[in-house]
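What follows draws every value from the coordinates through simple rules; no lab data is involved. Nothing here was measured: the structure is a model prediction, and the numbers come from that model. A quick note on method: Cβ atoms are made from the backbone with ideal geometry, for glycine too, and the neighbour counts reach across all protein chains shown.
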Amino acid sequence: MQHEQRMLRLYDLELSSRLLLGTARYPSPALLAEAVRASGTAVVTVALRREAGGELAGQGFWSLIRTLGVNVLPNTAGCHSVKEAVTTAHMAREVFATSWIKLEVIGEDDTLHPDVFGLVEAARILSEEGFQVLPYCTEDLVAADRLINAGCRVLMPWAAPIGSGRGLNNPFGLKALRAHFQVPLIIDAGIGTPSHAAAAMEAGFDAVLINTAVAQAHQPVQMARAFALAVEAGRAAYLAGPIEPRDLAVPSTPVIGKAFLA
Amino acid sequence: MKIVVNGAWREVALAGPATTPTLEAVLGQLGFANRAVATALNGGFIAAGARAGTAVREGDRVEIVAPMQGG
């Protein structure tokens with residue numbers, strides 16, 4: 001049990017929080033910054049996009065992120081091919097000065113379902129080039145095994161499609177994934193409410209990554225705090241060893257010694 | 001000469017008579033000197049340190065990306 005109470009370790013970094021936060025879709029940069037602080041997160045995800053015109057919006061965003069004192073996890077969001085993802089990873093490593101890459105290779109647009117075949121190929125290439133790859137994957141056990149063989153030391157399985165807020169779509173599959181692998185597993189995508197996050201943590205996942213559920217909440221800062229509490233509660237519950245559900249009642253009050261009053 | 005920058009045609013100046021500019025010079029012309037950007041030329045990543053030694057030719061596709069919000 002002792003080792004499970006350690007801080008979250010992703011590759012060579014130990015992190016004080018098990019909540020990772022995305023930076024997209026907030027009503028304003030100020031609310032993003034406040035939500036990051038309220039969440040207590042140590043890692044935020046970022047992306048690379050074309051810098052448009054003379055506005056240099058990306059430079060302002062990057063300045064803001066650097067004031068927050070958190071680690072950045074760049075993604076390859078929107079990449080549909082191995083080549084795109086690998087090239088984006090190279091660009092991200094240079095701009096963000098980190099070897100971490102949240103590797104996304106998307107195979108289907110309606111669900112943003114990961115292309116696990118492309119993912120494994122890109123993960124192998126990037127791992128061999130010294131990247132520390134955090135692949136956005138599904139709960140597929142075989143794909144997970146191939147990703148680990150490709151060099152991944154962290155996996156980021158989805159709970160449900162990105163932005164859907166549906167929670168743990170396949171709790172049995174996720175439970176099997178947790179049972180099979182010792183590497184840190186971060187639930188990424190599809191979490192809608194703090195109770196979903198708590199459920200993921202209770203099931204033994206090491207961390208959760210939240211974006212839309214915080215950014216699009218009516219009060220993003222309050223929701224960031226709510227997720228922080230849920231993640232902490234879920235982790236504590238996992239370590240405490242939850243009871244197994246059963247079909248029939250078991251009296252919690254002792255039966256022996258009950259007065260005979262019939 | 002004309003090149004494609006982030007999907008749009010742009011006119012950039014030559015470095016001299018019949019001399020193509022470097023990627024570093026193109027970035028300077030477009031206002032990206034010393035900015036936190038990464039670059040690709042015709043789909044291939046060009047590291048910051050290699051920009052000064054990379055020639056950009058008529059019709060080339062240059063991608064310039066910067067940090068943005070992401071999930």
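Some points to look at:
- Fluctuation leader among A:V221, A:V154, A:V142 - chain A, Gaussian network, Cα springs under 10 angstrom: A:V142
- Stokes-Einstein translational diffusion, segment A:125-262 - Kirkwood Rh over all Cα pairs, 1.002 mPa s, 20 °C, in µm²/s: 128 µm²/s
- With the highest mean first, a sort of the peptides B:4-14, A:202-212, A:9-19 on other beta-carbon atoms found within 10 angstrom per residue produces A:202-212, A:9-19, B:4-14.
- Between A:D145 and A:S99, the distance separating the two model label sites (each 7 Å from Cα on the Cα→Cβ line) works out to 2.8 nm.
- Averaging over all projection directions, the Cα-based convex hull of the protein assembly as shown occupies 21.5 nm² in the image plane.
- Rounded D (µm²/s) - segment B:2-65, Kirkwood Rh over Cα pairs, Stokes-Einstein at 4 °C, 1.567 mPa s: 112 µm²/s
- Centre separation in Å (Cα based) which lies between segment A:145-168 and chain B: 35 Å
- Positive minus negative residues near B:G59 (Lys, Arg vs Asp, Glu; Cβ under 14 Å): +1
- Charging the Cβ of each Asp and Glu at -1 and of each Lys and Arg at +1, and nothing else, the dipole of the protein assembly as shown about its Cα centre rounds to 600 debye.
- Relative contact order for segment B:2-65: 45 percent, from Cα pairs under 8 Å spaced at least 6 residues apart, divided by residue count.
- Per residue, chain A reaches -12000 deg cm²/dmol at 222 nm when only DSSP H runs of four or more residues are counted, each adding -39500 (n - 2.57).
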